[in-house]
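> Right, I'll just put the structure down here and ask away after.
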Amino acid sequence: MNTVISSTLLGFVVGIVGTGAGGVAAFMLKRPSRRFMGTVLGLAGGLMIAIVCFELLPEAFEMAGLTTGIAGIILGVVLVTIIDLLVPDRDFTQRNIRDWGYIRAGIILGLGIAVHNFPEGLAIGSGLAVDLRLGLSLALAIGFHNMPEGLAMAMPMMIGGYSRARVLVATVIAGVPMGFGAFVGMLLGEISPQLVSLCLSFAGGTMLYITCGELIPKSQNVYRGRASAFGIILGIIAGIALSAL
């Protein structure tokens, strides 16, 4: 029981600190220029694309094959499309909001990150069940690459007018599902590769839709110059480097 509790706590810490670090980075920004905001949004979008295409999906394909991976991607896209339709185009409950469209993009992205964090928690928990060193290595790697995901979620909300404290809380909440995933993973031990692959590719599909449909277009809307495009390219390069490390 102690090992299950320790695994669960580790999952919560990794998830909250990982995505929360992106919220902290946004929290520290004070009145950034539109060029800077467009560049950072593009950077975050490029990072997400690289992490999904060079880390999440290859791992899913390797675990259970192309068919299961593609099925997961399609399911993820369908789910986030439904969420996209359900989230209103305007927020009638908030006042003094400069642009609800950006906040909406951040909320949808946060939901995708939360979905994505659960299977990563499964990986941590099942890794700890097999070998302590393996589980800790997975936790470190996952926590590190969750940081840009938190930033990607935080920046649209900041641009839309959410307070820095509110953005920080939102990014922390997005990391919570990882703790539940670690709990389930530790209880089940070695989970079926097909299930983990489906979860990873499902999360990848949600992130691809959100990044391509919301984040990158928003980066172009914030600043019409080349800065956002350079940010996307730089983000993809940085994501490749993170995946290689």
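> Counting just the residues of region 175-198 that are aliphatic (A, V, I, L, M) and open to solvent by less than 10 Å² (accessible area, probe 1.4 Å), which one comes out farthest from the chain's Cα centre (by Cα)? Write out each step before concluding.
Our first condition is that a residue be aliphatic (A, V, I, L, M); within region 175-198, this holds for 176, 178, 182, 184, 186-188, 191, 195-196, 198.
Now narrow it down to the ones that are open to solvent by less than 10 Å² (accessible area, probe 1.4 Å): 178, 182.
Details: Met178: 11, Ala182: 17 Å.
Among those that are aliphatic (A, V, I, L, M) and open to solvent by less than 10 Å² (accessible area, probe 1.4 Å), it is Ala182.
> For region 150-232, list the helices (runs of 4 or more DSSP H) that sit wholly inside it and hold at least 3 residues that are out of contact with any Cys (no Cβ under 9 Å at 6 or more places or on another chain) and hydroxyl-bearing (Ser, Thr, Tyr); which are they?
Qualifying helices (runs of 4 or more DSSP H): 193-210.
> Confirm whether Val130 is at pLDDT 80 or above, farther than 22 Å from Ser219 by Cβ and open to solvent by 30 Å² or more (accessible area, probe 1.4 Å).
Taking the combined requirement at face value, the residue does not satisfy it.
Listed here are the residues, each with its yes/no results for (1) within 16 Å of the chain's Cα centre (by Cα); (2) surrounded by 19 or more Cβ atoms within 10 Å (Cβ to Cβ).
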| site | (1), (2) |
| --- | --- |
| Val14 | yes, yes |
| Val17 | yes, no |
| Ser33 | no, no |
| Leu41 | yes, yes |
| Ile51 | yes, yes |
| Glu55 | yes, yes |
| Thr67 | no, no |
| Gly76 | yes, yes |
| Leu79 | yes, no |
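> Conditions: (1) closer than 26 Å to Phe61 by Cβ; (2) open to solvent by 40 Å² or more (accessible area, probe 1.4 Å). Val172 meets all but one. Number of the miss?
(1)
The values are calculated or read from the model by the stated rules, or taken from the named source; none is laboratory data. The shown structure was predicted, so the numbers you read here are calculated from the model rather than taken from an experiment. Cβ sites come from the backbone with ideal geometry, for glycine too, and all protein chains shown count toward neighbours. Heavy atoms of the whole protein, side chains included, go into the accessibility calculation; ligands, DNA and RNA do not. Shrake-Rupley method; radii C 1.70, N 1.55, O 1.52, S 1.80 Å.
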